[in-house]
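The values are calculated or read from the model by the stated rules, or taken from the named source; none is laboratory data. If you're wondering where the values come from, they're calculated on a predicted model, not measured in any experiment. Here the Cβ is made from the backbone with ideal geometry for all residues, glycine too, and neighbour counts use every protein chain on show. Side chains are part of the model used for accessible areas, which takes the heavy atoms of the whole protein and leaves out ligands, DNA and RNA. Shrake-Rupley method; radii C 1.70, N 1.55, O 1.52, S 1.80 Å.
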Amino acid sequence: MDIVNQLQRQYVDFLSSLYREGLLDDQFLQIQKLQDESNPDFVNEVVTLFFEDSEKLLHNLAIALSVDQQHVDYQKVDACVHQFKGSSSSIGAQRVRNICVSFRTCYDAKNLEGCLRCLQQVKDEYYLVKNKLQTLFRLEQQIVAAGGAIPIMG
Amino acid sequence: MASPLGSSMTSAKRQSALVVDDDPVTRIITRGLLNYFGFEVSTLNDGIEVVNMYEAGKGHFDLIITDMEMPVMNGIEATKKLRSLGVGCKIIGVSSCDDETSRRHFLEAGLDHLFYKPLNVTKLQSCLENN
């Protein structure tokens with residue numbers, strides 16, 4: 001099996017695993033459909049923006065939740081989590097989105113301990129999907145460098 | 001790239017669309033979706049900006065896609081205001097609220113369609129083809 005086929009097989013297996021593990025959902029496939037010759041870096045552009053935006057939101061959440069119970073600005077927490085839920089949903093980062101849903105239950109109840117737990121969970125899921133997507137893009141680069149085309153998943 | 005909706009979208013003049021959303025990730029994806037369907041796309045960050053644009057006589061779009069939840073002016077208020085200004089183009093709302101009461105409330109504001117987030121090729125295609 002030549003190197004391109006090997007890399008393509010690796011890519012398909014890896015991307016399939018991300019769907020199987022629930023890290024990504026169908027929305028990511030929908031975004032890949034939007035990439036073409038006139039917009040060759042669309043997925044990378046979107047995901048890079050997601051990374052930048054997410055890290056700002058996580059930073060803001062950490063600040064908002066670093067005060068004592070009486071002084072937590074739950075409206076600020078709501079605004080950050082709402083945006084994070086929207087952006088993660090838009091790119092198909094399913095597990096990140098699902099934690100945002102649980103997060104809402106905690107800040108609606110003004111449960112600081114619950115919020116801190118959710119913040120840790122959402123951070124863990126975000127960094128996991130970030131690492132996986134970066135690995136995916138590295139595989140794409142290797143395929144292209146080897147003269148192959150990136151497989152299209154159905 | 002040929003438009004998936006066929007030659008009608010690529011003839012003579014491309015249709016124009018406006019995306020209104022406070023989330024930059026969703027804005028860029030929605031823009032990509034509309035480019036896919038052959039639209040020339042502009043973007044704004046909040047309902048107040050689109051209302052200000054139309055009040056100043058600078059809004060001339062064939063299609064507006066608006067988030068329903070935005071910090072300064074939400075999608076409902078922006079849609080009501082645009083319709084009161086006589087804006088007749090198709091307005092599509094995108095919301096994270098999927099209950100029937102919210103849906104009715106949004107459509108009563110003057111939206112032509114409402115989708116539950118996230119918006120994607122499949123949802124938008126069904127809406128644009130049933131023009």
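Helix-only estimate, please: 222 nm mean residue ellipticity of the protein assembly as shown, summing -39500 (n - 2.57) across DSSP H runs of length 4 or more and dividing by its residues, to the nearest 500. Theoretical 222 nm ellipticity from helices: -19000 deg cm²/dmol. Compactness check for chain B: Cα Rg over 2.2 N^0.38 Å is 0.99. Enter the angle in degrees (range 0 to 90, nearest 10) between the Cα long axis of helix A:42-64 and the first principal axis of the Cα atoms of chain A, meaning the one along which they spread out most. Its long axis makes an angle of about 20 degrees. A cut-off of 5 Å between modelled amide H atoms, ignoring neighbours fewer than 5 places along the same chain, links B:Thr43 with B:Val19. A Cβ-based charge dipole, computed about the Cα centre of the protein assembly as shown with Lys and Arg at +1 and Asp and Glu at -1, lands at about 220 debye. Counting only DSSP beta bridges with both residues in the protein assembly as shown, the antiparallel share comes to about 5 percent.
Modelled spin-label separation between A:Asp2 and B:Glu129, with each label point placed 7 Å from Cα along the Cα-to-Cβ direction: 3.8 nm. Net charge dipole, the stretch A:1-125: roughly 440 debye, given to the nearest 20, about the Cα centre with Cβ charges of +1 for Lys and Arg and -1 for Asp and Glu. Phi angles of the stretch B:36-42 translate, via the Karplus equation with coefficients 6.51, -1.76, 1.60 and θ = phi - 60°, into HN-Hα couplings of 4, 8, x, 7, 7, 10, 10 Hz per residue; Gly and Pro are given as x. Using the average count of surrounding beta-carbon atoms within 10 Å as a protection proxy, the listed peptides A:78-90, B:90-102 rank, highest first, as A:78-90, B:90-102.
Compared with the dominant principal axis of the Cα atoms in chain B, helix B:75-84 is inclined by about 80°. For the stretch A:60-89, no residue has its backbone nitrogen under 15 Å from a point 7 Å from the Cα of A:Leu128, taken along Cα to Cβ.
Computed from Cα positions, the angle between helix A:112-145 and the longest principal axis of chain A comes to roughly 10 degrees. Cross-link check: pairs A:Lys123/B:Lys90; A:Lys33/B:Lys90; A:Lys130/B:Lys90; B:Lys13/B:Lys58; A:Lys123/B:Lys81 evaluated at a Cα-Cα cut-off of 28 Å; pairs beyond the cut-off: A:Lys123/B:Lys90; A:Lys130/B:Lys90; A:Lys123/B:Lys81. Between A:Glu21 and B:Ala56, the simple spin-label model (points 7 angstrom out along Cα→Cβ) gives 4.8 nm. Site pair A:Asn111 and A:Gln32 shows an inter-label distance of 3.7 nm when each label is modelled 7 Å from Cα along Cα→Cβ. Ligands, DNA and RNA excluded, the heavy atoms of B:Glu49 present near 70 Å² of accessible surface to a 1.4 Å solvent probe. Here the calculated FRET efficiency for A:Ala145 and A:Ser102, from their Cβ-Cβ distance with R0 = 41 Å, stands at 0.50, rounded to the nearest 0.05. For chain A, what relative contact order do you get, as a whole percent, if you take Cα pairs closer than 8 Å and at least 6 residues apart? In percent, rounded to a whole number, it is 32. The convex hull drawn around the Cα atoms of the protein assembly as shown, when projected onto a plane and averaged over every direction, covers 17.0 nm².
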